[in-house]
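Engineer: Mind looking over this structure? Questions follow.
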Amino acid sequence: MNINMLMQQAQRMQKDMVSNLKKAKEELTNTEDNSLAGDVLVNVTITCRNVVKRIEISPDLLQDEADMIEDLIAAAMNDAARQAEAILEEKLQGANSGMGLPPGLSGLF
């Protein structure tokens, strides 16, 4: 195999990977995830790009102390962020698949 063919193949693979990653990031901007805390007292909706879209607080919770409300909001947001991160990793791995990268290298992109 000649070096020019290898370089062209590498350039095509790089172009495909950049295109796949761009598409995945665009999809993730619009992908939303909900997280509940305190038996549905707090519901947080967040995108996979960590943009909080909505926080819903049950009227029952508003009668409690502020500390409890703050803790439940923090718990729901942290859970939503973890779930969004898991979706992000899954999508980006999918974008890297088929590139023929050795095991462990696909996580770098």
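Derivation of every value follows stated rules applied to the coordinates shown; laboratory data play no part. Keep in mind it's a predicted model, so treat the numbers as computed, not measured. Positions of Cβ are backbone-derived with ideal geometry, glycine not excepted, and every protein chain shown enters the neighbour counts.
Engineer: If you take every residue apart from residue 26 with its C-beta less than 13 Å away from the C-beta of residue 26, what net charge results, scoring Lys and Arg +1 and Asp and Glu -1?
Structural biologist: Local charge sum for residue 26: +4.
Engineer: Continuing with the same structure: Hey, rough spin-label estimate for residue 78 and residue 39, points 7 angstrom out along Cα→Cβ, what's it come to in nanometres?
Structural biologist: 2.1 nm
Engineer: Which whole-Hz couplings ³J(HN,Hα) result when phi for each residue of segment 76-82 is put into the Karplus expression 6.51 cos²θ - 1.76 cosθ + 1.60, θ = phi - 60°, listed in order with x for Gly and Pro?
Structural biologist: 5, 5, 5, 5, 4, 5, 5
Engineer: Can you pull the one-decimal nm distance between simple spin-label points at residue 26 and residue 89, each 7 Å off the Cα toward Cβ?
Structural biologist: My value for the distance between the label points is 2.7 nm.
Engineer: Let me ask you something else. Through the Karplus equation 6.51 cos²θ - 1.76 cosθ + 1.60, θ set to phi - 60°, convert the phi angles of segment 49-65 into ³J(HN,Hα) values in whole Hz; use x for Gly and Pro.
Structural biologist: Rounded to whole hertz, the list is 9, 6, 9, 6, 8, 7, 10, 10, 10, 5, x, 4, 6, 5, 7, 7, 5.
Engineer: Figure the gain on full extension for residue 11 and residue 66 (residue separation times 0.36 nm, minus the Cα-Cα span) and round it to one decimal in nm.
Structural biologist: Additional length available on full extension: 14.2 nm.
Engineer: Here is a follow-up. How much length, in nm to one decimal, is gained on full extension between residue 4 and residue 55, taken as 0.36 nm per residue of separation minus their Cα-Cα distance?
Structural biologist: That pair, residue 4 and residue 55, stretches by 12.9 nm at full extension.
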